[in-house]
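Okay, so here's the structure we're looking at.
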Amino acid sequence: MARVLVFVPTYNERDNVEKLLNEILSQKLDADVLFCDDASPDGTGELLDRLAKEHPRLHVLHRKGKEGIGTAHQAGIAWAYDRGYELLVTMDADFTHPPSFIPRFLERAGETDVVVGSRYLQKDSLDEWNLFRWSLTKLGHFLTVVCLGLPYDATGAFRAYRLDRIPRRLFGLVRSPGYSFFFESLYALHSNRFKIVEVPIVLPARTYGTSKMALSEVFGSLRRLVSLYGRRLAGDTMRLSSEADAPTPATWDRYWRKRQSVYQSVYDPLASLYRRWIIRPAFNQFLLSAFRPGSRLLHAGCGSGQVDEDVFGVMRIAALDISQPALALYRRANGKSARVLQGDIFQLPFADGSFDGIYNLGVMEHFTEDDIVRILAEFRRVLRAGGKALLFWPHYGGISVRLFRLLDLVANRILHLNVEFHPKELTLLRSKQQAEGLLTRAGFTLEEYYFGPKDFFTQVALVATSSDGRGN
């Protein structure tokens, strides 16, 4: 029997939650219930805490404030994954999602990956709604069908997810903090060919409370829809990368050899100027802030090492890369200033606790999230207690990412030149929440997250401390 969790986000739902909980429990489900409250000023959270003392299967997640319905669902999904639930039902707290439908959702979930409550399978399902809400819902459905190719009710929250069939990292693709979370998450599921079925539901007029969708949310959702539509037209769907897409040692050797030949006359001079005048000053600032002078540091995935020049007299550097051509470039740039050796970041050739700190630039994005957690765990192993990791990680919206996306569009989709500018970027950072989740899974505590003008919005700078200590 699958472990089931029913999830309900709340904000100012004090008048609803006890009635809703009783209706959920009256379905005689073998399920736990999680309410996530965003510090409701009407005392919803306090009431839920009292109810949790009476009902052992009720859990309450408190957040510091109103952070968006999308991030609330992400928090609930993460809570369910962390505790090993296999099936998650999500619903609203205002009784527009009747709990009596949950058994039907659970029944259908046995044969599919996602169950969606649809307001469009029965002609009379929206008859009680006012004209404005009816029109807004119909328009949203029309746009998600036309722009995203979603033949489902994509804007509703009444769903069941088979978490045992959906990899956790799929939800990491979803960036929307607000109501657009619903169509973006379903678009990600649909793009990755998860099986989705719909269950007809009849939604009454809002029974309790009032709608919390502000006009700003409507425009925000429209902007997100347009953005996803543009990505879809460019062939950039929200497909998950697989471990098979990750670069191999041979991939890196080809990349660095190519850098020494074809790219040397065009690419390298421009890249060198950018590293010297943009990347290196930002790198120096973060490195010198994160580590004390004389610290033993590992540059894990050092590449050509052009950013290291200023720190050799301040720190004790060991440089490691899996590619011999990359190490040859590193030695050429830095002479004998660092200890240089070939090695795999998945299996570092060092004893536990060998370093005060570890850093790299532009490495993590080439691996899947599961691989990144393995790499980070290996980093943590070779760090002393409380050691730090400094990671420069390209952001999905970063300047360099956008530039290479444009170059790829022109060179490969328009001119059909079949040019590979760099190994595939499988996991570009999209949010602080995503970074914090990956670091936490590997035993790190995120101390600093910076994405800004110091390097012209090129990469996110992350400083994280091994969780078994307080840092240096």
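In segment 337-373, what residues are farther than 19 Å from P325 by Cα, among the hydroxyl-bearing types (S, T, Y) and either in contact with a strand residue (DSSP E or B) (Cβ under 6 Å, 6 or more places away or on another chain) or at pLDDT below 95 (or both)?
Y359, T368
With the checklist (1) at pLDDT below 95; (2) within 24 Å of R108 (Cα to Cα); (3) not aromatic (F, W, Y) in hand, flag the one item E67 doesn't pass.
Exception for E67: condition (2).
Of all the residues that make up segment 155-175, how many are of a type in the set (G, A, S), surrounded by fewer than 24 Cβ atoms within 10 Å (Cβ to Cβ) and under 25 Å from D94 (Cβ atoms)?
Residues in segment 155-175 being of a type in the set (G, A, S), surrounded by fewer than 24 Cβ atoms within 10 Å (Cβ to Cβ) and under 25 Å from D94 (Cβ atoms): 1 in total.
For the condition among the basic types (K, R), farther than 26 Å from G437 by Cα and exposed (fewer than 15 other Cβ atoms within 10 Å of the Cβ), what is the one hit in K64, K53?
Within the list K64, K53, the selection yields K53.
Suppose we keep only residues that are among the polar types (S, T, N, Q) and without any contact (Cβ under 8 Å) to a residue 40 or more places away in the chain within segment 325-377. Which one would you say is surrounded by the most Cβ atoms within 10 Å (Cβ to Cβ)?
My answer is N334.
Would you mind stating whether R380 is in a helix (DSSP H, G or I) and either among the β-branched types (V, I, T) or surrounded by 16 or more Cβ atoms within 10 Å (Cβ to Cβ) (or both)?
When the stated conditions are applied, R380 passes them.
Which condition does V410 not pass, out of (1) surrounded by fewer than 14 Cβ atoms within 10 Å (Cβ to Cβ); (2) in contact with a Leu (Cβ under 6 Å, 6 or more places away or on another chain), if it passes all the others?
Checking V410 against (1) surrounded by fewer than 14 Cβ atoms within 10 Å (Cβ to Cβ); (2) in contact with a Leu (Cβ under 6 Å, 6 or more places away or on another chain), the one that fails is (2).
So which residues in segment 326-350 are more than 21 Å from I375 (Cβ to Cβ), of a type outside the set (K, R) and in a loop (DSSP other than H, G, I, E, B), if there are any at all?
Result: G335, S337.
When segment 291-325 is examined, which residues are found to be within 30 Å of the chain's Cα centre (by Cα) and either small (G, A, S) or outside any loop (DSSP other than H, G, I, E, B) (or both)?
L297, L298, H299, A300, G301, G303, S304, G305, A319, L320, D321, S323
Pick out the one residue from F283, F194 that is among the hydrophobic types (A, V, I, L, M, F, W, C), in contact with a Phe, Trp or Tyr (Cβ under 9 Å, 6 or more places away or on another chain), at pLDDT 85 or above and surrounded by 14 or more Cβ atoms within 10 Å (Cβ to Cβ).
F283
Which of the residues belonging to segment 414-457 are in contact with a Leu (Cβ under 9 Å, 6 or more places away or on another chain) and assigned to a helix (DSSP H, G or I)?
Answer for segment 414-457, where residues must be in contact with a Leu (Cβ under 9 Å, 6 or more places away or on another chain) and assigned to a helix (DSSP H, G or I): K432, A435, E436, L438, L439, T440, R441.
Within the group F183, F219, which residue is at pLDDT 80 or above, surrounded by fewer than 19 Cβ atoms within 10 Å (Cβ to Cβ) and assigned by TED's automatic domain parsing to the domain that holds V146?
From the options F183, F219, the qualifying one is F219.
Among A39, A31, A78, which is surrounded by 16 or more Cβ atoms within 10 Å (Cβ to Cβ), under 30 Å from R224 (Cα atoms) and small (G, A, S)?
That would be A78, the only listed residue that is surrounded by 16 or more Cβ atoms within 10 Å (Cβ to Cβ), under 30 Å from R224 (Cα atoms) and small (G, A, S).
How many residues, within segment 136-158, are touching a residue at least 24 places away in the same chain (Cβ under 8 Å) and in a helix (DSSP H, G or I)?
Within segment 136-158, residues that are touching a residue at least 24 places away in the same chain (Cβ under 8 Å) and in a helix (DSSP H, G or I) number 6.
The values are calculated or read from the model by the stated rules, or taken from the named source; none is laboratory data. Computed from a predicted model, the values in this text were never measured in an experiment. Backbone-built Cβ (ideal geometry, glycine too); neighbour counts: all protein chains shown.
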